[in-house]
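Scroll down for the structure; my scribbles are underneath it.
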Amino acid sequence: MNEYPATQATAVSTIEQQTPPRKRKVKGGALRWWGEVGWKHVFALLFIAYCLLPLLYVLSASLNPGGTLTGSNDLFREFSLQNYAGLSGTNFWSWFWRSMYVSGVTSIGTVLMAASAAYAFSRFRFKGRRGGLAALMIIQMFPQMLAFVAIFLLLLGLREVFPFIGLGEPFGLIAVYLGGALGANTFLMYGFFNTIPQELDEAAKIDGATHAQVFWGIIMRLVSPILAVVALLSFVSSYGEFILARIVLQRPENYTLAVGLYEWASDERNAPWSLFAAGAVLAAIPIILLFMFLQKYIVSGLTAGGVKG
Amino acid sequence: MRKSLIALAAGVSVVLTACGGGTADTNETPEPTASETTEATESPSGEATSEAPADGGTLTIWADETRVAAFQQLGEMFGEESGVTLDVVQKPTGDIGQDFIAQAPTGQGPDMIVTAHDGLGQLVENGVVAPIDFASKADLFNPVAVQAFTLEGNVYGVPYAMENIALVRNNELVQDTPATFDELIAQGKAVEGAEFPIIIQQGPSGDAYHLYPIQTSFGAPVFVTDENGDYTTELGMEGENGTKFAEYIQKLGKDGVLSADLGGDQAKQAFLDGKSPYMITGPWWTSEFVDAGMDISVLPVPSAGGETAAPFVGVQGVYVSSYSENALPANQFVDFLSTKEAQDVLFEQGGRVPALIESAEAVDDELLQGFNEAGAEGQPMPVIPEMAAVWEFWGGTEVAIINGTSPDAAAAWQTMNDNIKAKF
Amino acid sequence: MNDIKSQATTPQLSHARDLSRPGFYVKLALMALVNAFGVYGILASYAQEQWAILGVLVVTLIAADYIYFSKRAIPAKYLFPGLVFLIVYQLFVMGMTAYVAFTNYGDGHNDSKPAAVRQISLTSEVQGGESFPLTVIDRGGELGFAVVVDGEARFGTEEEALAPLDGATVENDRVVAVEDGEILGMPQIVERQEEVLGLRVPVSDEPEDGSLRTRNGTTATTSLPALKYDEATDTFTNAEGKLFRANSDQGVFVADDGEELSPGWRVVVGFDNFTQMFTDSRISSLFASSLGWTFAFAILSVFTTFALGLFLAVIFNDPRVKGRVIYRALFILPYAFPGFLAALVWRGMLNRQFGFVNQVLLDGNAINWLGDGNLAKLSIIMVNLWLGFPYMFLVCTGALQSIPGELTEAGMIDGAGPIKRFFNVTLPILMVSVAPLLIASFAFNFNNFSLIYMLTGGGPNYPGAPILVGETDILISMVYAISFEGGNRQYGLASALSIIIFVVVGFISWLGFRQTRKLEEIM
């Protein structure tokens, strides 16, 4: 199954020989620019409107000291930063930093575990490989409806033995999240790893590299786009998860952001909507920043040059 | 081989850091592994126990965000008397009952919970709450509040606050209120600039709670009550009176007075924006109306069907867990809650009418007194476990009648009654 | 292919015990830590008598040492850490769910039988009207209650009914000093609360006069047990002699006339929960319509989010588009907000009379987005598209990087147009890595309970139906509606039904997964 990258690598090199390196600058006037690039800007702007519209309600509510979330289409009727200031009187910032910690550690752990699993599946042939892959995928589909009972009982028992991964501990929550580290992420990486020519490994091994050196020295560097994607996906999913988190983290002092915000919104009548909206806006910022930061790795362009390295 | 272990190493090192300093900011010491197994409470309480060994130990209580401060204050007051530490754990409102039922059997649940009375049936069905001694104090409390916490002869919780809906009037638009609901609608329609004569929140799955005053004014309570005022399982909304009510809301729906589109969010905003002279709502929003600078009054809902419009009364109270290993101090705490001192604190922090008559009489707040008067004729929300099914059928049928999905109101109402009866 | 086969026949040995490499010592240090951690855990779980944890720890530790010091088992070295977490946290949930599916766990059957017996005894005590200030007295280790009845101090114990107490000092109707025995202070009462709370002192020798008991240690009230439990026959008997027998098939005490005592307890009920789905006519009638919609929803959700995500990923993978860094960041915004918040906002925006979509975009048209069955389905797909495309966009953006630029440029030289190039070259390569994700996404949406629940709650409901299921209910939300019908939570039934659904989805996914293998082989 790894024939593709091999043949491709040779094909690519022949092409390169035939065609001199080109620096193709877009010429041919505005019309061509509109046809190839310009429309994408228009599309992007329209599409951003679709993305942002519901979020404007949240932003508007966050700037309005009273009022409701969706009660009126008359947005931005008031502009006050009172709610944002008000957050400092709550546990919000403690939740915020705990979320950073929990999601950060979860994300690093997930990347490492999923990548090493994907490496095993992609580069070694062992008994039960195919079955293992299928099982990994199917296990993730198991209904989680009783998770809240099971996780509670499990962490209750663990607390007696390892207090730091027991009930109420952020690390207990991280461990629960890492239980889902293999799964969809492994598949994403597995597919990506498969597109990296096996010849690279072989060559390195002939030079005396161990499998660990191949993994850390060659593979992991070549797959940085997908590592960044998985890191982000896992960060976001643990960042927004509140069902398990509220079982594990029993007290508001220990909450993550998602649980804290959920709690604010959970009492329909007494919900502090404006505070909640301000919290949600601030909570989104780290995700955006993280994505901006990771973007350059995600689109770093796994060039053929790199593969041939 | 060496680096393939780094994944594991990373895990281990994080474990160690988490162990060392990760929890320092939470100011929480993990329970010692060989902890006293008698301690039914959670790890932070274990810590508190060791600090005050000579005292009555620690009681854990779950309360939602709006009540945590009040109970912390009560805990300090109670602690001074008894030496018992009250550990108030904040939980989301909707989770308190469900998590309690799930966690109590593990022995790790709280000793007490603070929640509304309408979950009583389910709590008792699951055997997680214990009866309390209340006979000697019952007379000091509002009978509706006591009734709310009574099931099959046992009192299961100390009531402390009551809330119900009433008619809220925007005094800038109208100043006098007629005696019947039809006149009120006519008056509301005549108000210049008002989009709605009255706002009653509904939503896609209906809201029988907010329509209940109108329903009772037709003499069609949800269940028939016996001579003690306790609910029986006989449906009171079946029959002629119920049908009249169904036809009435059908008419209101056709006239545009009631609309399924008017959910809680929309209703609140419309009233805030002065789009209606009246709204049927509870004390949870009136404080926001006042904060927004509105001049409002709270009145009983005028009758639509000739009889008194009686809203449901919701009662907040404190239950003792039947799994508590510290039940004796817990019972002392609920005894303490029935004192005027404690009920006054709960009123100051919570802003709802106290259940203790003496405290309620001392309340000096026109709006709350208005709610109190409107609720005087009210009945507590029924607590039987089947009530959840009743709510669903009830609201769903009402909204189908209002928005015309069920054109034959009488038939739809009868189907609803049949479906509900099938649950018993 | 050849090299793979040769690899399989002559397994590569690792350098697991190569002492000349510095990495070995790093590993040694790490394994020392792991072992220390494991041994600590084993000792701690032994001390705490947590046998299950002890067993898992022993097995895990042995496995870890074998795997990391063996020269073979190279794949295991990479899989082990993730698998440990997977097994501990996911398999436990699976086991729990599978077990519960065979029980009647749920409302009314929340705990074990002893708990039920205790609770029934506790709640069936008929409370008498009288209460007395109480003094708890320890006489030679045995506890008794002293109260003042009609101005006279009386004392009794579990065995002996209340009798006059000589030599007692009474203040304010409370016994404050006695000659025989020791009065317990509150700290002592609390310390011995189990004894104190369990004590029933007969008021007289006549059982129907009831007995005294206390709940707070300071007042005693009279009470009369309405039900008596007999351990030998495992029955409760009430005052009229009516017998309630323990029914261990249903986990409840039941009389001959069918009257049951509450609460019951958890028992294993075998396959009852699994068969209920097929015997309950209300379910089977709604099952077919829900099944069709569930498939439509899951497939359309995957297709729309993937198509949109891929489209965005491809067109903004073009370095000529300036500002795409910002565009991309804005595209993932829907992903950065909590899902339940988004559903709330969308519900408001789709409101018929007041929502943004009707009022502003559609100029006041009263389109019943959430109230009409078909429109509600459309709304769900649209909202799920909004929620789900950033994920696909991210995945596709990442996966696109694995496609060497030369390959597409090669297509360019062949004279293929951009669209043809995309479908002939880019998409097939991309599918290799994303096809399993599409299957996973299908399975996720198949069970996407929270979206349905938050957006429409399954509604619009079928008017007048005996069970509250609506047109937009997918299978899993129907399972919830049925199992938690009207607030009566039947976890056993819900588990069983969701396991049935899992088997269906798992099978479909497995079929799909086999197709992806073919996809890889084509490559």
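Key figures
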read-out	value
Chain lengthening between residue B:106 and residue B:365 when straightened (0.36 nm per residue, less Cα-Cα)	88.8 nm
Candidate aspartates and glutamates for bridging to residue C:322, where Cα separation is under 13 Å - those fewer than 8 sequence places away on the same chain excluded	A:36
Computed over the stretch A:150-231: relative contact order in percent, which uses C-alpha pairs under 8 Å that are six or more apart	19 percent
For the stretch C:37-80 and the stretch A:78-117, distance of Cα centres in Å	33 Å
Length released on extending from residue B:376 to residue B:228, taking residue separation times 0.36 nm less the Cα-Cα span	51.6 nm
Per-residue HN-Hα couplings for the stretch A:75-86 [Karplus 6.51, -1.76, 1.60; θ = phi - 60°; Hz; x = Gly/Pro]	7, 6, 6, 10, 9, 9, 8, 3, 5, 5, 5, x
Label-point gap, in nm, between residue C:72 and residue A:125 - each point 7 angstrom along Cα→Cβ	1.7 nm
Surface/4 estimate of mean projected area, convex hull on alpha-carbon atoms of the stretch C:14-101, nm²	6.5 nm²
Kyte-Doolittle mean at least 0.5, axial Cα span of 18 Å or more - DSSP H helices of chain A	A:39-63, A:92-123, A:147-161, A:224-240, A:273-298
Set of the stretch B:388-415 residues, backbone N closer than 16 Å to the point 7 Å along the Cα-Cβ line of residue A:268	B:388-400
Residues whose placed amide H lies under 5 Å from that of residue B:312, excluding near-sequence neighbours	B:165
HN-Hα J in Hz across the stretch C:61-76 - Karplus 6.51, -1.76, 1.60, θ = phi - 60°, x for Gly and Pro	5, 4, 4, 4, 5, 5, 4, 7, 10, 7, 7, 8, 6, 4, x, 4
Whole-angstrom gap from the stretch B:307-347 to the stretch C:440-509, using each part's C-alpha centre	37 Å
C:473, B:118 arranged by Cβ crowding within 10 Å, fewest neighbours leading	B:118, C:473
Chymotrypsin sites (Phe, Trp or Tyr not before Pro) restricted to the stretch C:312-374 and DSSP loop, no more than 10 other C-beta within 10 Å	none
Distant-in-sequence amide H partners of residue C:489 (H built 1.01 Å from N, under 5 Å)	C:107
Distance violations [Cα-Cα > 29 Å] among B:189/B:244; B:137/C:113; A:205/C:77	B:137/C:113
Max mean-square fluctuation residue, GNM over chain B, Cα-Cα springs under 10 Å, options B:186, B:327, B:161	B:186
Directionally averaged shadow of chain A, computed from the convex hull of its alpha-carbon atoms, nm²	23.0 nm²
Histogram of C-alpha separations across the stretch C:190-257, 10 Å bin width, %	19, 34, 31, 15, 1
Computed log₁₀ I(q)/I(0) - Debye formula, equal Cα scatterers, no solvent, the protein assembly as shown, q 0.07, 0.08 Å⁻¹	-0.79, -1.01
Inter-label distance, nm, simple model (7 Å from Cα along the C-beta direction), residue A:39/residue B:341	7.9 nm
Gain upon complete extension [residue C:284, residue C:250; 0.36 nm per residue less C-alpha separation]	9.8 nm
Value of [θ]222 nm, deg cm²/dmol, for chain C, DSSP H segments ≥ 4, -39500 (n - 2.57) each, nearest 500	-16500 deg cm²/dmol
³J(HN,Hα), Karplus 6.51/-1.76/1.60, whole Hz, each residue of the stretch B:172-183, x for Gly, Pro	6, 9, 9, 10, 10, 10, x, 8, 10, 5, 5, 5
Residue order, fewest to most surrounding Cβ atoms within 10 angstrom, among A:51, C:396	A:51, C:396
Computed [θ] at 222 nm, helices only, for chain B once each DSSP H run of length n ≥ 4 contributes -39500 (n - 2.57)	-12500 deg cm²/dmol
Cleavage-rule hits (trypsin sites (Lys or Arg not before Pro)) in the stretch A:49-123: DSSP loop, at most 12 neighbouring Cβ within 10 angstrom	A:77
GluC sites (Glu not before Pro) within the stretch C:214-271: DSSP coil, no more than 15 neighbouring Cβ in 10 Å	C:231, C:240, C:259
Under-5 Å amide H pairs with residue C:247, H placed in peptide plane, nonlocal only	C:252, C:253, C:254
Relative exposure of A:218, A:138, A:151, judged by other C-beta atoms within 10 Å (fewest first)	A:218, A:138, A:151
Candidates A:238, A:60, A:107: whichever shows maximal mean-square fluctuation once chain A is modelled as a Gaussian network with Cα springs under 10 Å	A:60
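Coordinate-derived values only; no laboratory data. Just so it is clear, the model here is predicted, and its values are computed rather than measured. Reconstructed Cβ throughout: ideal geometry from the backbone, glycine too, with neighbour counts over all protein chains shown.
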